[in-house]
1. Give the residue that is least open to solvent (accessible area, probe 1.4 Å), with candidates limited to residues of segment 382-395 that are modelled with pLDDT of 50 or more and outside any loop (DSSP other than H, G, I, E, B).
2. Say whether the condition of being surrounded by fewer than 17 Cβ atoms within 10 Å (Cβ to Cβ), closer than 21 Å to Leu261 by Cα and of a type outside the set (Phe, Trp, Tyr) is met by at least one residue in segment 323-335.
3. Which of the numbered conditions does Thr347 fail, given that it passes all the others? Conditions: (1) of a type in the set (Val, Ile, Thr); (2) out of contact with any helix residue (DSSP H, G or I) (no Cβ under 6 Å at 6 or more places or on another chain); (3) open to solvent by 10 Å² or more (accessible area, probe 1.4 Å).
4. So Thr211 fits all but one of (1) within 15 Å of the chain's Cα centre (by Cα); (2) over 24 Å from Asn99 (Cβ atoms); what number is the exception?
5. Testing Ile250 on (1) assigned to a helix (DSSP H, G or I); (2) farther than 23 Å from Leu282 by Cα; (3) of a type outside the set (Lys, Arg), one condition comes back false. Which one is that?
6. Tell me yes or no: at least one residue of segment 35-51 is over 27 Å from Leu174 (Cβ atoms), at pLDDT 70 or above, β-branched (Val, Ile, Thr) and open to solvent by 80 Å² or more (accessible area, probe 1.4 Å).
7. Output yes when any residue across segment 358-381 is of a type in the set (Lys, Arg), outside the structural domain of Ser312 (by the TED database) and either surrounded by 21 or more Cβ atoms within 10 Å (Cβ to Cβ) or modelled with pLDDT under 95 (or both), and no when none is.
Amino acid sequence: LLEMDIHVSSLFPEILAMIFNYLDVKGKGRVAQVCTAWRDASYHKSVWRGVEAKLHLRRANPSLFPSLQTRGIKKVQILSLRRSLSYVIQGMPNIESLNLSGCYNLTDNGLGHAFVQDIPSLRVLNLSLCKQITDSSLGRIAQYLKNLELLDLGGCSNITNTGLLLIAWGLHNLKSLNLRSCRHVSDVGIGHLAGMTRSAAEGCLSLEHLTLQDCQKLTDLSLKHISKGLNKLKVLNLSFCGGISDAGMIHLSHKTHLWTLNLRSCDNISDTGIMHLSMGALRLYGLDVSFCDKVGDQSLAYIAQGLYQLKSLSLCSCHISDDGINRMVRQMHELKTLNIGQCVRITDKGLELIADHLTQLTGIDLYGCTKITKRGLERITQLPCLKVLNLGLWQMTEVKGLGDASEILPCYTS
C-alpha cells in the first residue's frame, strides 16, 4: 500500500473552511496569516457567515472593505468614528446591519452625507446614544432605508413626534423600534406609529417589539393607540413610564398576540391594573411589575386566575407576602423564572410553598429577602430544574444542594 500524506497542508480548502468555521473571530483572523492556502480557505464566505466586523474608523485603509466583501461580511459595528460615515456605506454597498451605538460625534450632517440613495440591503440600524441625531436624520432614514426592520434610537433625546411621523411614513417593514429615554415623544408620536394619522402616514403596523422605557410624556392614550393599531406587537417595554396607569391596562388586555409586558417602576400601576390584564384575552409569557409599590398579594391572586400561563414573573420590591405566594403557586405550572428580590415580607413559609408547587422553576431571585433562612433555601435548592439562585452579591449556579459557602459562586449582580 502507498503511504498517504495526511499532513494538514494536504486538506482540501473546503475541509479547512469547515474547520475554521468553528473558530472565534480572532482565531479566524489568525489562521488567515499562516500561509497562502490557509488564507484562501479562511476567506471562504461560509467561515464568516453571520460575523459582525468591529471597526475603529481612523485613517484610510483601501484594503479594508474589499477584504470584508470578499469574506461575505455584511454586519458592521463602528467602535469609533473619525472618518466620514459615507466611507462605510460606499465601501459596503450590500451592508445588512450597521451598529453606530455610542458614536457621540455622529451628526445629522454626517449621516446625511452617508445616506444619499436607496440602501435596500440594510435591515438593522443601531443609533443608540448618538445624542446629536435629530428628526432630520430620521427623514433621511425614512427616505432611503425602506427595508429597515430594526431601528434603535435609545438615548437619542432630541427625537420628537415629528421624527416618529417620518418613521411611520417611510418604514413600513419595521419590526423592532427602541425609543428608550426619548423624552420629547408623547401620545401623538405613538399615534403616528400606530397608524392613527393615515392621511399623513400609514404607520409601522408590522411592529413586533416596541421599547418605550422612560418616555415620561406618555399616558394611557398611547396604550389605546397601540391596542388599536399595532396588532402584531409581541413585546412591549413601558418601564419607568410614570404617566401609565391602571386604566391603560384595559387597552392592553385585548392584545392577544402580546407575549411580554414590562411595567417595571410604573408607579401608578396597582392591583387594579393587574386585574384588568388578567380579565382580558392576554396570553402573556413574561410580566415584570418590579418596583410597582402598589402591587400586592391581590395581584398574585389575579395572576393565578387569568395569567397562569406565565413562564417569567418579576415582582421585585412589590408588597407581597407568603399569603400572596399561597394564592398563586397552585395554578402557575408553566413558571420557569420567578424574581421576588427585595420582597421583605417573604419568609421560609413562602419558599416552602414555591418548592412544593413551582416544580418547573429554573431560576429564582431572592436578593434582599431578609426574612428567609437556611431552612427555606434548603427547600428551594431541592427544586428539580433549578439552575440559578440569586441571593444578591452571591449566586449559586447548577444548584445541587445548599451545602457550605464554598458551593456558592460570587457573581456580583443584584
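The values are calculated or read from the model by the stated rules, or taken from the named source; none is laboratory data. Source: prediction; values computed, not measured. Cβ: placed from backbone, ideal geometry, glycine included. Neighbour counts: every protein chain shown. SASA here: full protein model, heavy atoms, side chains in, ligands and nucleic acids out. Shrake-Rupley method; radii C 1.70, N 1.55, O 1.52, S 1.80 Å.
1. Here is the first cut: in segment 382-395, the ones modelled with pLDDT of 50 or more are 382-393.
Next cut, outside any loop (DSSP other than H, G, I, E, B) only: 388-390.
On the way: Val388: 53, Leu389: 0, Asn390: 21 Å².
Among residues in segment 382-395 that are modelled with pLDDT of 50 or more and outside any loop (DSSP other than H, G, I, E, B), the one least open to solvent (accessible area, probe 1.4 Å) is Leu389.
2. Yes, segment 323-335 has at least one match.
3. (2)
4. (2)
5. Here Ile250 meets the rest and fails (2).
6. For segment 35-51, residues over 27 Å from Leu174 (Cβ atoms), at pLDDT 70 or above, β-branched (Val, Ile, Thr) and open to solvent by 80 Å² or more (accessible area, probe 1.4 Å): present.
7. Within segment 358-381, the subset of a type in the set (Lys, Arg) is 371, 374-375, 379.
This time we only want the ones that are outside the structural domain of Ser312 (by the TED database), so: none.
No: zero hits.
Conditions tested, residue by residue: (1) of a type in the set (Ser, Thr, Tyr); (2) assigned to a loop (DSSP other than H, G, I, E, B).
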residue	(1), (2)
Ile119	no, yes
Leu122	no, yes
Lys131	no, yes
Ser137	yes, no
Leu148	no, yes
Leu151	no, no
Cys156	no, yes
